[in-house]
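Nothing in this text is a laboratory measurement; each read-out follows from the coordinates by a stated rule. Predicted model only: the values in this text are computed from it and were never measured. All Cβ positions, glycine included, derive from the backbone under ideal geometry; neighbour counts span all protein chains shown.
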Amino acid sequence: MEDLQALAKRLMALDDKLTDCMRCGMCQAVCPMFGASGMEADVARGKLALIGNMAHELFRDPESLGDKLGRCLLCGSCQAACPPGVKIMEIFREAREVVHSYLGLHPAKKLIFRQLLARPKLFNAAMSIGAPLQKLVFRSSQDSQGTVCSPMLNFMLGDRHIRPLASQSLHAKVGALDERASVGQLKVAFYPGCLGDKMYTNMGLACIKALHYHKVAIYMPSSLACCGIPAVSSGDGQGMVNQLKVNLNLLADKSFDYLVTPCGSCTSTIKELWPEYAERIDAPSKRAAEEISKKTMDINAFLIDVLHVEPKANKEGVKVTYHDSCHLKKSLGVTEQPRKLIQANGKYTLVEMKEADRCCGCGGSFNLFHYDYSRNIGQRKRDNVVASGASVVSAGCPACMMQLEDVLSHNNDNIQVKHPIEIYAESL
Amino acid sequence: MVSQGLISDFERMLGKENVFSSEADLQSYSYDSAVLEPVIPSLVVRPTTTEKLGECVKKLYDNGIPMTVRGAGTNLSGGTIPDRSETVVILTNGLNHILEINSNDLYAVVEPGVITAQFAQAVAEKKLFYPPDPGSQAVSTIGGNIAENAGGLRGLKYGVTKDYVMGVEFFDATGEIVKTGSRTVKCVTGYNLAGMLIQSEGTLGVISKAILKLIPPPKASRAMMAVFDDMQNAAEAVAGIIAAHVLPCTLEFLDNNTIVRVDDFTHSGLPREAGAILLIEVDGHPAQVEDDALAVERVLKENKASAVHIPKDAAEKFKLWEARRMALPVLARCRPTTVLEDATVPRSQIPAMMKAVNEIAAKYKVEVGTFGHAGDGNLHPTFLCDKRNKEEFHRVEMAIDEMFDVAIKLQGTLSGEHGIGTAKSKWMEKETSRGTILFSQRLRRALDPKGLLNPTKLVGI
Ligand SMILES: Cc1cc2nc3c(=O)[nH]c(=O)nc-3n(C[C@H](O)[C@H](O)[C@H](O)COP(=O)(O)OP(=O)(O)OC[C@H]3O[C@@H](n4cnc5c(N)ncnc54)[C@H](O)[C@@H]3O)c2cc1C
Ligand code: SF4
Ligand code: SF4
């Protein structure tokens, strides 16, 4: 009981933010989870009410609060649509951390976030062993997306059609980069992200090709750690801090003009969360994280806003439709740049789909624990993609790309998934 | 409390996935958008066919359990807050099919859980128009709109929800199906029970289907924004526009406090000294729109508008309309608690009502920003406070009491569109009469002898 009171007290720190919710219910319109389940406890209004009730000791079941909080993609759609601008994402993150520190983190998650993702060398080694071995386990899904499925691992992966691990990761292919910038030349730190490094290697290569084409010098150390969003989403603040320390070590004292990433989730984490969590390390780390945060840009935005790449008009090209990743649009406000970047390749014609900014349903570890809902949400996206008549769908976040490939593959759709940078790089 | 046996019965009837009994789920159906105390229900059920909806109602009636129907739960008067802890909440969001959109006969048939904006969109794709557009349309349900007789921005010219209901099917308290109205423009078969169900707030029956009128969309429109030094001139301009026989589809206003608050937030250069802003839009046949726009502009100038802005294109209109779109969000950000009222007076009484609202706010030292539908006399005085501060919240409640007194004195009404629920039931008699309350209660008792349909709402049973 005493413990429960302590838990309530920690949640009470959120009371001011919680009271901002006027219970208007407008978040129902955009919440992918609510769209799939139709349950009030799944929409922000319901979750905020439950967190508030637990803070006020009107609700005393932390385990089911944890479950309810987990039924969420942390996509930020609710916050972007919330009339009084409730800081919903901050509340969710903090509540997850408080509840999970009470319940204890799932041992597998603890191992992954605290050990594996914070130790890039170990992670890289594990993944490079994984890549050749996966041929034994996975077989091709026989689709246009080139995914694999695994009847053998069905108990764990379910019926997922996922992209195989690249036979060689990006950092193994190109090695560590630290190019010299001559006078007047830009230098960027390139942060490929875990998926960009290990799964969507071609996308990572496309980034490097485009940066080199524009004569931008690159710094890419080989042992960058995960950006920390999976840990934070699971309520593991400590895991995030461990990973952040590794990254700050590699980035803090380096000189570069921008840090660019091809992953909307990484970009928004670095920009918005690193400074917040670096505060838990020490003052110099916080300053360093703030510096890095200011310099961090999505690669689409970098190419359009800084390098001034121009779109070309073509009405007759290959039809491509663009999916607005939540973290790109709702956290960072990046919407026009990826579209322009796609159009910078004159061979393509951009066609808009309906509900382009509706969440695709991946949501990182949400996909692992709620695969059925994830597929259900993804199906709506797939239907909109197909209805657009495009033969390529583009998204600025590898997690979305993975989700799109999974749903398209399951529907046997002959539609390819590409990052805008891949489309642009094809033209160079 | 409902028995385990009853829960199992419902699970068999609806499937386990449509019966919610966990504490966490029950707590999430204890509130709606009204600033009122929550009440936790004993069970929540979600029928997915209209037949099952009827079976649910019958089962609850047979077992003597009170029931509250819930659409999106966005009403602002407590209509979906359970009456007691025994209450079972019936959700309609499993009944969300548009059954027919008939372009030849200009009607649509829908289930009650269809979302207003999605319906309007589907209708627009067929090149037709469903005008009622409450501010909550992105989430509100047609069932909730009918049960509250929801209005919106287009009320002056196009009317409100009741003007588009051609017929409904509903289950009475005992679970018997009642059919009223039809797909025809004219229908006098029996009592106008559809009319009775409109704005009944879940107290007379559970709507299972609605036949809605559609109209051809206007071919053209023109928007304008006018700035006034004082509210009186703005109100005279409104009267002048109507006297000139122009019925704008939108005629909205913002008061000074709202203008200043919005400008603080958006820095969009709104006229901070202005007493009021009017946003006007006329629509219809292109030639008529042309004439109407000229007439409106003339009236605005005659009534001392200090500036009139006419946007050149959709993008500019979108910018001008930002002030109205942002009114509620910005006011809601000022303080933790936002009490959104909807006192309504005859159009000509807007200046008197506005003066009273501001004086009352000063008297009770509470902050209020007012915007609303000037063409309908429908004001949204929005009280900003922190309900955790009991003393402050009490002052807000007193201010609201006094505001209703004024609205009634000015021959207006307590509620233009948000409904009575439990929030405003205590003022009902003041606006109407003792007889009205008794009549309504007798009606309810005759139709619902056990008193189970949303029992404490509206007039109480
Ligand atoms: C931000 C905001 C803006 C708003 N703007 C407006 C506005 O401009 N104009 C306006 O009029 N209102 C407005 N409202 C109020 C509210 O949205 C409307 O009253 C709306 O019609 C409620 O629909 P709902 O689906 O949420 O109904 P609920 O809130 O779920 O239910 C409302 C009432 O209807 C009953 N009910 C629901 N379904 C049925 C059914 N099938 N059969 C019988 N009874 C039923 C319920 O028991 C309850 O009494 C606004 C609310 C918010 C939060
Ligand atoms: S973050 Fe996304 S999934 Fe989670 S509550 Fe908000 S809108 Fe729903
Ligand atoms: S939109 Fe914002 S204020 Fe409205 S219910 Fe959702 S979280 Fe609360």
> How big is segment A:164-240 by the Kirkwood estimate over distinct Cα pairs, in Å?
Replying inline: 13.6 Å
> If all Cα-Cα distances of chain A are sorted into 10 Å bins from 0 onward, what percent lands in each bin, rounded to whole numbers?
Replying inline: 5, 21, 32, 27, 12, 2, 0
>> List the chymotrypsin sites (Phe, Trp or Tyr not before Pro) within segment B:117-226 that DSSP assigns to loop and that have no more than 14 neighbouring Cβ atoms inside 10 Å.
In response: B:TYR191
> If one takes the longest principal axis of the Cα atoms in chain B, at what angle in degrees, from 0 to 90 and to the nearest 10, does the Cα axis of helix B:350-363 lie?
Replying inline: 80 degrees
>> Please list, short to long, the whole-number percent of alpha-carbon pairs of segment B:122-164 in consecutive 10 angstrom bins beginning at zero.
In response: 30, 56, 13
> On average, how many beta carbons from a partner chain sit within 10 Å of the beta carbon of a residue in A:73-86?
Replying inline: 2
>> If a paramagnetic tag sat 7 Å from the Cα of A:LYS173 along the Cα-Cβ line, which residues of segment A:187-206 would have the backbone N under 11 Å from that point?
In response: A:196-206
>> Given bins 10 angstrom wide, list per bin the percent of all Cα-Cα distances in segment A:309-425, short to long.
In response: 15, 49, 30, 6, 0
>> If I fit a long axis through the Cα atoms of helix B:256-266 and take the longest principal axis of the Cα atoms of chain B, what angle between them do I get, 0 to 90°, rounded to 10?
In response: 80 degrees
> Stretch B:ARG434-B:ASP9 to full length: gain in nm at 0.36 nm per residue minus the Cα-Cα span?
Replying inline: 148.8 nm
>> Could you compute how fast the protein assembly as shown diffuses translationally, taking Rh as the Kirkwood radius over C-alpha pairs and applying Stokes-Einstein at 10 °C with viscosity 1.306 mPa s? Give it in µm² per second.
In response: 54 µm²/s
> Among all stretches of chain B without exposed trypsin sites (Lys or Arg not before Pro) (DSSP loop, at most 12 other Cβ atoms within 10 Å), which one is longest?
Replying inline: B:1-125
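Tell me the mean residue ellipticity at 222 nm calculated for the protein assembly as shown from its helices only (DSSP H runs of n ≥ 4, each -39500 (n - 2.57), averaged over every residue, nearest 500). Mind showing how you got there, number by number?
Working: 39 runs with 375 residues, N = 889.
Counting only the DSSP helices, I get -12000 deg cm²/dmol.
Exceeding 20 Å between C-alpha atoms, which entries from my cross-link table qualify? They are A:LYS330/A:LYS381; A:LYS330/A:LYS354; B:LYS363/B:LYS457; A:LYS9/A:LYS330; A:LYS109/A:LYS329.
Long pairs (Cα-Cα over 20 Å): B:LYS363/B:LYS457; A:LYS9/A:LYS330; A:LYS109/A:LYS329.
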>> Beyond a 28 Å Cα-Cα separation, which of these cross-linked pairs lie in this structure: A:LYS215/A:LYS418; A:LYS47/B:LYS387; B:LYS219/B:LYS317; A:LYS215/A:LYS315; B:LYS426/B:LYS450; B:LYS209/B:LYS450?
In response: A:LYS215/A:LYS315
>> Test of the criteria: in segment A:223-301, which trypsin sites (Lys or Arg not before Pro) are in a DSSP loop and have at most 15 other Cβ atoms within 10 angstrom of their Cβ?
In response: A:LYS254, A:ARG280
>> For a quick check: with amide H placed at 1.01 Å from N, whose amide H comes under 5 Å from B:LEU99's, ignoring anything fewer than 5 positions away on the same chain?
In response: B:VAL109, B:VAL110, B:GLU111
> Where does helix A:2-12 land angle-wise versus the long Cα axis of chain A, in degrees 0 to 90, nearest 10?
Replying inline: 60 degrees
>> Taking loop as defined by DSSP and a crowding limit of 11 other beta carbons within 10 Å, which GluC sites (Glu not before Pro) in segment B:226-300 fit?
In response: B:GLU273
> Across segment B:445-451, in residue order, what do the Karplus-derived ³J(HN,Hα) couplings come to in whole Hz, using 6.51 cos²θ - 1.76 cosθ + 1.60 with θ = phi - 60° and x for Gly and Pro?
Replying inline: 5, 5, 8, 9, x, 8, x
>> Limiting things to C-alpha atoms, what are the Rg and the maximum Cα-Cα separation (Dmax) for chain B, in angstroms?
In response: 22.7, 72
> How many angstrom separate the Cα center of segment A:284-307 from the Cα center of segment A:191-249?
Replying inline: 13 Å
>> From the mean inverse distance of alpha carbon pairs (Kirkwood) and the Cα radius of gyration, derive Rg over Rh for segment B:188-312.
In response: 1.14
